[in-house]
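Reading through the structure tokens given below for one structure.
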Amino acid sequence: MNALCLRLVAATLLGMLFQGVTQGVTIGAEPVAIVITSLDPRFDHLVPPDAKLEKIADGFTWVEGPVWHKQGGYLLFSDIPANAVYKWKSGEGTSVYLKSSGYSGTSPFTGKEPGSNGLTLDAQGRLVLCRHGDRQIGRLESNGTIVPLVDHYDGHKLNSPNDLVFTSNGDLYFTDPPFGLPKAFDDPDKAPVQGVYRLSQNGALTLLINDIKAPNGIAFSPDEKTLYVSDVDPKRAAWLAYDVKADGTVADGRVFFDAMRWRKDPFFGPDGFKVDRKGNIFGARPGGLSVIASDGTLLGTIETGQPMSNVAWGEDGQTLFMTGGSSVYRLRVTTGADRY
């Protein structure tokens with residue numbers, strides 16, 4: 001999502017490329033007070049009433065896009081204004097993993113959000129990034145270069161890809177709002193639509209959805225028959241649902257859960273989210289997380305008092321990592337995901 005403030009991370013952070021030295025941010029775990037509210041008996045089987053939230057990293061500007069690297073046993077996340085990806089590993093703390101994560105230009109970026117946003121890993125374990133400043137989806141190669149996977153549609157540059165998810169067959173779905181453009185919705189170089197796209201394994205790019213004002217987070221149900229997208233349109237803040245057809249396109253778009261109660265101006269509301277193995281949405285939004293069942297019932301909430309931007313399953317699959325504002329958090333739950 002778009003950053004709420006702009007504080008510069010120390011310049012030395014940006015001078016390092018891969019796996020730099022440990023930074024002066026939180027190492028270990030710092031307890032954070034939360035309020036857990038169960039609204040449905042099903043919630044009690046997902047989140048323990050005494051679950052503890054830990055702050056594991058701090059001192060950033062606006063963090064986003066967490067992803068767990070299962071083979072390496074570490075978390076990666078973006079700091080969008082700092083134009084960098086960071087790595088957190090238990091016992092080691094936080095270090096710079098990749099600089100120029102979203103913008104590789106030599107002239108100063110004129111907007112506030114040049115860096116990477118959503119992150120994921122492909123089937124080979126390579127990092128794939130939503131890159132605001134370069135207006136592309138890119139893949140990090142073993143030699144440190146970033147290869148563009150897609151940056152245009154129908155003769156126009158993409159806006160600023162926000163979040164992304166792979167299906168089990170290797171197709172990549174992503175959202176493309178204009179939050180990362182220097183003037184956002186008023187940018188003269190904005191694409192004609194704020195689209196949701198599919199990049200097929202063969203390289204074909206398909207515009208799937210063209211009528212969302214501000215598409216943001218994206219995820220699939222466990223059976224991949226439903227695609228969920230969060231919309232932060234001030235007039236319709238919601239999690240949306242779409243039926244996935246056999247050819248990978250989508251139909252029957254609808255409001256899955258209205259999130260207007262959590263909307264903040266101008267474009268902050270339902271943000272990044274993940275789905276557990278039972279089909280429940282764990283959705284980041286202003287003030288905390290909402291847990292929503294596959295039937296659209298709000299099961300419960302986790303109030304952090306902080307602006308939460310995104311979540312990721314990690315460790316053994318039952319740890320929920322959360323990004324929000326300047327910090328990264330960890331929450332142990334009793335549900336989880338098999339693919340993460």
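The values are calculated or read from the model by the stated rules, or taken from the named source; none is laboratory data. Note that the structure is predicted; figures quoted are calculated from it, not measured. Virtual Cβ from ideal backbone geometry, glycine too; neighbours counted across all protein chains shown. Areas reflect the complete protein model, heavy atoms only, side chains present, ligands, DNA and RNA absent. Shrake-Rupley method; radii C 1.70, N 1.55, O 1.52, S 1.80 Å.
Keeping the other protein chains in place, figure out the carbon and sulfur percent of the accessible area of the chain, with a 1.4 Å probe.
Whole-percent figure for carbon plus sulfur exposure: 49.
Rounded to the nearest 20 Debye, what is the dipole magnitude of the chain about its Cα centre when Lys and Arg each give +1 and Asp and Glu each give -1 at the C-beta?
The calculated dipole for the chain is roughly 380 debye.
Rg and Dmax of segment 137-191, using alpha carbons, in Å: what are they?
Computed over the Cα atoms of segment 137-191, radius of gyration and Dmax are 13.0, 37 Å.
Hey, which of these cross-link pairs are over 27 Å Cα-Cα: Lys183/Lys225; Lys99/Lys157; Lys55/Lys99; Lys55/Lys274?
In this structure, Lys183/Lys225 lie more than 27 Å apart at Cα.
Let me spell out the model: positive unit charges on the Cβ of Lys and Arg, negative unit charges on the Cβ of Asp and Glu, origin at the Cα centre of segment 269-340. What dipole size does that give, in debye rounded to 20?
Here segment 269-340 has a charge dipole of around 40 debye.
Return one whole number: the accessible area per residue of segment 256-308 in Å², for a 1.4 Å probe.
Ligands and nucleic acids excluded, the result is 32 Å² per residue.
Between segment 130-202 and segment 206-231, what is the C-alpha centre distance in whole Å?
14 Å
Please report the relative contact order for segment 104-164, taking Cα pairs under 8 Å with a sequence separation of at least 6, and give it as a percent rounded to a whole number.
That works out to 30 percent.
Where nothing but the Cβ of Lys and Arg (+1) and of Asp and Glu (-1) is charged, how large is the charge dipole of segment 117-176 around its Cα centre, in debye to the nearest 20?
Approximately 140 debye in magnitude.
On alpha carbon coordinates alone, what is the Rg over Rh value for segment 68-191, Rh being the Kirkwood radius?
In segment 68-191, Rg relative to Rh is 0.97.
Looking only at Asp243, Asp151, Asp50, which one moves most when the chain is put into a Gaussian network model with springs between Cα atoms under 10 Å?
Of Asp243, Asp151, Asp50, the most mobile in the Gaussian network model is Asp50.
Please report the spacing between the Cα centers of segment 282-325 and segment 243-265 in Å, no decimals.
Between the Cα centre of segment 282-325 and that of segment 243-265, the gap is 17 Å.
Using a Gaussian network model on the chain with a 10 Å cutoff between Cα atoms, which of Thr304, Thr323, Thr94 fluctuates the most?
Highest fluctuation of the listed residues: Thr304.
For segment 147-186, with every protein chain kept in place, what is the accessible area per residue (1.4 Å probe, Å²)?
39 Å²
Run the numbers on the chain and let me know its relative contact order in percent, using alpha-carbon pairs under 8 Å that are six or more apart.
17 percent
With unit charges on the beta carbons (Lys and Arg positive, Asp and Glu negative) and the dipole taken about the Cα centre of segment 172-315, which residue among Ala238, Gln194, Leu227 sits farthest to the positive side?
Of the candidates, Ala238 comes out farthest on the positive side.
At 222 nm, what helix-only mean residue ellipticity would the chain give, in deg cm²/dmol to the nearest 500, using -39500 (n - 2.57) for each DSSP H run of four or more?
Dividing the helical sum by the residues of the chain leaves 0 deg cm²/dmol.
Of the listed values (i) 61, 49, 34; (ii) 53, 47, 38; (iii) 55, 52, 44, identify the label whose number matches Cα extents along the principal axes in Å calculated from this model.
Here the calculated entry is (ii).
Straight distance only, please: which aspartates and glutamates reach the Cα of Lys52 with their own Cα at less than 13 Å, same-chain residues fewer than 8 apart left out?
Glu30, Glu303
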